[in-house]
Every structure is written in C-alpha cells, then in structure tokens.
Amino acid sequence: MPAYRSVSFKSKWVKTKWLLADEALEEYVPWTLPFTAANLAKILSRHSTVYFKPTGGTGGRRIIRIARQGEQYTTKLRHTTRKHAGAEALQAYLSKKAASEPYLLQQEIPLVTVKGKPFDIRVMVQKTSEGAWTSTALFMKIGKSGSVATNYNQGGKIGFFEPTLEDAGFRDDEIRRIRTELEELGESVGALFDRHKSGFRELGLDVALDNRGLLWILEVNTRPQFYPLKKMSDRTLYRKIVSYAEQYGRKK
Ligand SMILES: Nc1ncnc2c1ncn2[C@@H]1O[C@H](COP(=O)(O)OP(=O)(O)O)[C@@H](O)[C@H]1O
Ligand SMILES: [Mg+2]
C-alpha cells in the first residue's frame, strides 16, 4: 500500500482568499475577514451574528459565536455563554484569544434545521486515478440544538443527504437541484485548488444551506474525516469513499 499522498493545507484564510478570487465561486463565500478590532466593528455593523474561528483550527474547536443586541454582546464557546457590556469588552475578550493564534470573522449563515437541530453538508471530493475530480459523497453533519458547531466531536451526528432534506421539509425537485449544485461546486473547488497548489487528491467542503435554499462554503478541508460514516448501518458511502481513497494510499 502506498503512503497517504494528498497534500494538506491549513490556513482557512488563504483558502478563503482562493475562493474569493474566483468569479464563479466568490458568490458562495460568506463575508470573511481576518480578526482585527477594526474588522470586528465593520462586520458587526452589518451582521448581528458573527463567527470567530481560529484560522488553523479543526473539529469545531475554539469557535465562538458572537451575537449583538443593541450595545450588548453575547458570546458562546461550546456550552459557555458570556455577556459583554459593550464593544470594547467584547474586543478585549476576543483579542486575548487571538493573542496566541490568528482568527477569522465570518458572517453567520443561519443553518436550516431538522427537528430543531442545525445541520450543514459535507461534500467529499476525490480524484480518480486519471486525475479527474469527482464529488463522491454528500452527507450531513447534524449538530445538537443550539450548538455553535455541527462537528462530530462537538456532539454532532451524521445523517444521509436525501432523508435529512426530506425531514427538513424540502421537496424532491429542490433536493435534486441542491445535490447537483453541490456536486458541481465540489468539482469546481477541486479545479481551483489545483491552480493554486499541486498535490491535492481529496477535499471536503463544509457547506451551509440557508432557509432560502442558498448554499454557502464555510470552509474547505484538505484532510476531510469520514470515519463517522463507518458506524452507520448502511456503509455504502463509507466503502465508496475508501475505494477512491485507496488510490492515494488512505485507508480510513
Ligand atoms: N459562518 C458560519 N455560519 C454558521 N455556522 C458556522 C459558520 N462557520 C462555522 N459554522 C459552524 O461551525 C462548524 C465548524 O466551522 P468550520 O469553519 O467548518 O471549522 P472547523 O475546521 O473547526 O470544522 C461548521 O460546520 C458550522 O456548523
Ligand atoms: Mg469544518
């Protein structure tokens, strides 16, 4: 078995800039700025809820949701909610976090819910042995109700694509449109990433669906995890991903 041959690239900010520089993909990206005091004020003047995420983070760790109510701000980190008396107090709190690593600010995309639980979508994109990007799997990451992040290791669950959208009230024709759009999105992002750096063989897009049916790319992972799919009673998707992954030396 060959070694795991797919390049990893950590900076969410650099990857977001790649997306923003592409005319067709730019419209899928929520407003994102590097964290600074000035950018915090700027984004909060336009959006009452904003995400604060470590630029090199994974697994939903250290992500904070900021909500503005007039002069008051509330932050939520995992299960902890804090109130901040004003913009300066908020900025001091966030700056302390950002002293040890860079952070991004991103407008919140209100996630569609299923039975009261927010979910977003993973698009698994993998290269064939001929080098063609293929969207091999779509699945849902369903968070706990009220959770900041839907990630599996933040207590999220995995759901299948069609059944989740059906339970969330989407019609069959909408579900088909969303599937096609996501698959095309995955393959376009693959082609774009190849233009910036060589060696990618797999990518995992985290895509939010909002209540207007619009899709938003929250981030692109270069080491997308799919082991939670192995625990599902139907392992068809898991096996499909592995069959592609084996071509570049990844076993699980
Ligand atoms: N802008 C946003 N709007 C709504 N939810 C978000 C936003 N950014 C992140 N999230 C939530 O947090 C999760 C983790 O964020 P993500 O950017 O994927 O970072 P990580 O690398 O930690 O997974 C997302 O899957 C989503 O549930
Ligand atoms: Mg993610």
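Sum up the lysine pairs in the range 113-199 that clear both bars: alpha-carbon distance under 26 Å and a spacing of 8 or more or different chains.
Close lysine pairs found across the range 113-199: 10.
Rounded to the nearest 500, what is the chain's calculated 222 nm mean residue ellipticity when only DSSP H runs of at least 4 contribute -39500 (n - 2.57) each, over all residues?
-9000 deg cm²/dmol
For the range 32-107, which semi-axes, largest first and in whole Å, follow from the square roots of 5 times the eigenvalues of its Cα gyration tensor?
Taking √(5λ) for each eigenvalue gives 17, 14, 12 Å, largest first.
Rank the residues Val29, Val125, Val148 as a footprinting-exposure proxy: fewest other Cβ atoms within 10 Å of their Cβ go first. Intermediate results must be reported in sequence, preceding the final value.
Values: Val29 19, Val125 28, Val148 22.
With the fewest neighbours first, Val29, Val125, Val148 line up as Val29, Val148, Val125.
Pop out the ³J(HN,Hα) list for the range 238-243 in order, Karplus 6.51 cos²θ - 1.76 cosθ + 1.60 with θ = phi - 60°, rounded to Hz; leave Gly and Pro as x.
Along the range 238-243, the couplings run 4, 5, 5, 4, 4, 5 Hz.
In Å and from the alpha-carbon atoms only, list the Rg and Dmax of the chain.
18.3, 59
Using Cα centres only, tell me the gap between the range 84-105 and the range 183-207 in whole Å.
Result: 32 Å between the Cα centres.
Values quoted throughout were computed directly from the atomic coordinates according to the rules given, and no laboratory measurement underlies them. Bear in mind that the values here come from a model prediction, so they are computed numbers and not experimental data. Don't worry about glycine lacking a Cβ; one is built from the backbone with ideal geometry, like all the others, and counts go over all protein chains shown.
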